[in-house]
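Quick notes on the structure that follows.
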Amino acid sequence: MSNRLGKQPSMRRIITVDDERLAARCALGRVVLIDDDPDILAALSALLDLEGYAVETYSSALNYLQVLTFNRPNFAGPSCVLCDVRMPELDGLELQRKLADIDHIPLLLMSGDSGAQEAVTAFRAGALNFLIKPIEVDAVLDAVSHALAISATRQHLDGMQTDIERRISSLTERERDVARYVVLGNINQDIADQLGIALRTVKLHRQRAMEKLGVNTVADLVRLGDQGGL
């Protein structure tokens, strides 16, 4: 998961047989359930456990935020949150606002007595779905499956962006300058004139930059530069 607090998400290492089983479940999907009704928590947890997902349960949104703040290591895989709207201390809509500042894990909300205005507010703030209790089994499974698919896509894109930024950070200052000029459409001689260096030096820095960035053509360099803010 991508973390907006500036900390990279920690990944757990497989050490025991139980870890291996949990890692396999996390690879399929990790679902965080939050509800102050223990019966609902137990029923949803049993349902999602049977589907092969890794399931975490919390009796309050505040408890989940506290765990999230500690950046507890998790095994790799997509994840989502299914949270009740009306709870003491911190309700689901407030959790949604706080998660927007911390993480972009897909959020599903559920309620037994919410009005249309709460649902509209949730959707406008980015909730993927608003489930009304009692929730049909198929509705829960479909909503979770959709949220995990979105999470997987986000994680893939985040991983690609991180890799691009890592490659760009490997450039020396001069290699970065030359690559930036190339991205802007300058030819080697123009770059040499603007930087006040020899043409052969420009060619050398350009070759090394492209090797470090893992690109073979100017078009690929321009595309990567746009993605990485070169």
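The figures follow:
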{"quantity": "Spin-label model distance (nm) - D142 vs K203, 7 Å beyond Cα toward Cβ", "calculated": "6.3"}
{"quantity": "For the chain, Kirkwood radius (reciprocal of mean inverse C-alpha pair distance, Å)", "calculated": "20.4"}
{"quantity": "Tilt relative to the chain, helix 173-183 - C-alpha long axis, 0 to 90 degrees, to 10", "calculated": "90"}
{"quantity": "Derived scalar couplings ³J(HN,Hα) [region 65-74; Karplus, 6.51 cos²θ - 1.76 cosθ + 1.60; whole Hz; x for Gly, Pro]", "calculated": "4, 5, 5, 5, 5, 6, 6, 4, x, 10"}
{"quantity": "Region 33-117: GluC sites (Glu not before Pro) in DSSP coil with no more than 12 other Cβ atoms inside 10 Å", "calculated": "E89"}
{"quantity": "Helix-derived mean residue ellipticity, 222 nm - over the chain, DSSP H n ≥ 4, -39500 (n - 2.57), to 500", "calculated": "-18500 deg cm²/dmol"}
{"quantity": "Debye log10 I(q)/I(0) for region 170-228, one point scatterer per Cα, at q = 0.15, 0.23 Å⁻¹", "calculated": "-0.35, -0.85"}
{"quantity": "³J(HN,Hα), Karplus 6.51/-1.76/1.60, whole Hz, each residue of region 184-198, x for Gly, Pro", "calculated": "7, x, 7, 8, 4, 5, 5, 5, 4, 5, 6, 8, x, 10, 5"}
{"quantity": "Within the chain: Cβ-based charge dipole about Cα centre, in debye rounded to nearest 20 (Lys, Arg +1; Asp, Glu -1)", "calculated": "1480"}
{"quantity": "Count of Lys pairs (Cα-Cα under 28 Å; at least 8 positions apart or interchain) in the chain", "calculated": "4"}
{"quantity": "Dipole-positive endmost among V67, L47, I168 within the chain (Cβ charges, Cα centre)", "calculated": "I168"}
{"quantity": "Cα-derived Rg to Rh of region 123-203, Kirkwood definition", "calculated": "1.41"}
{"quantity": "Separation in nanometres of the label points that stand 7 Å from Cα toward Cβ, at L184 and H104", "calculated": "2.9"}
{"quantity": "Gain on full stretching of the segment that runs from D158 to R223 - 0.36 nm per residue minus C-alpha separation", "calculated": "21.8 nm"}
{"quantity": "E56 versus R174: modelled label distance in nm, points set 7 Å from Cα along the beta carbon direction", "calculated": "4.8"}
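Readers should treat all values here as calculations from the given coordinates under stated rules, not as data from a laboratory. This is a predicted model, so every value here is computed, not measured. Because the Cβ atoms are built from the backbone with ideal geometry, glycine has one as well, and the counts that use them run over all protein chains shown.
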